[in-house]
Amino acid sequence: MSGLAEILVDAGGYMNENLAQSTFLMTRNATPKSERTSGIVIDARSIYHVPAMVPKIFNENDKLVYGPRHYTRSRSVNRGPMGYAHTMDDGNVRRRVGNNPIVVEAVTSDDTVNLTVSNLDAERIRDAEKKFGVLTNCKVLVLLK
């Protein structure tokens, strides 16, 4: 199978009732490019954070918002799960997260490696993932001190 059939029909030949992927495809085409979320920027400049090989982002209830289950191994190897920069003016920022990223503030970094964002920001991130696949494509960047 390929294309739309893979989305609508599972490997056993049954109709897939969970059409989250097709929602992503339809939303992406229905939304003008100027309004599409192109990535996620987490501003961690106000806290101490150390870049990590396998970073995770949690909400205030310790529920995983972004981590290894959100991307494939090949994407992680080719892009890295998360980018890092010191300012929004850095050239890597636009390459990583595009021209219209959601910018959220990191609340804490309890272990200096994993970040915590507010529950409201976590919902914004999840919504952007459902509509535009920003987490699956590793379009995440952290601003460091």
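The values are calculated or read from the model by the stated rules, or taken from the named source; none is laboratory data. Since this is a predicted model, take the numbers as computed values, not measurements. Quick reminder, even Gly has a Cβ in these numbers, built from the backbone with ideal geometry, and neighbours come from all protein chains shown.
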* Asked: Can you name the number of the only condition in (1) closer than 18 Å to residue 134 by Cβ; (2) in a loop (DSSP other than H, G, I, E, B) that residue 89 fails?
  -> (1)
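Please find, among 69, 75, the residue that is assigned to a helix (DSSP H, G or I), free of Cβ contacts under 8 Å to residues at least 12 places away in the same chain and surrounded by fewer than 19 Cβ atoms within 10 Å (Cβ to Cβ).
69
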* Selection status of residue 46, assigned to a helix (DSSP H, G or I) and either surrounded by 12 or more Cβ atoms within 10 Å (Cβ to Cβ) or modelled with pLDDT of 75 or more (or both) -> no
* All positions within region 126-137 that are surrounded by fewer than 22 Cβ atoms within 10 Å (Cβ to Cβ) and either of a type in the set (Val, Ile, Thr) or closer than 21 Å to residue 50 by Cα (or both) -> 136
* Within region 39-50, considering residues that are of a type outside the set (Lys, Arg) and in contact with a strand residue (DSSP E or B) (Cβ under 7 Å, 6 or more places away or on another chain), the one farthest from residue 77 (Cα to Cα) -> 47
* Structure fact -> Scanning region 68-97 residue by residue, the ones that are under 17 Å from residue 49 (Cβ atoms), among the hydroxyl-bearing types (Ser, Thr, Tyr) and under 16 Å from the mean Cα position of the chain (by Cα) total 1
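Is region 51-60 home to any residue that is of a type in the set (Gly, Ala, Ser) and either part of a helix (DSSP H, G or I) or touching a strand residue (DSSP E or B) at 6+ places or on another chain (Cβ under 7 Å) (or both)?
Scanning region 51-60 turns up no residue that is of a type in the set (Gly, Ala, Ser) and either part of a helix (DSSP H, G or I) or touching a strand residue (DSSP E or B) at 6+ places or on another chain (Cβ under 7 Å) (or both).
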* Pair list, Cβ < 8 Å and 6+ apart or interchain, from region 87-116 residues that are assigned by TED's automatic domain parsing to the domain that holds residue 52 to residues that are loosely packed, with under 11 Cβ neighbours inside 10 Å and among the small types (Gly, Ala, Ser) -> 100/34
* Structure fact -> Every listed condition ((1) surrounded by fewer than 15 Cβ atoms within 10 Å (Cβ to Cβ); (2) within 14 Å of residue 43 (Cα to Cα); (3) in contact (Cβ under 8 Å) with a residue 12 or more places away in the chain) holds for residue 122 save (1)
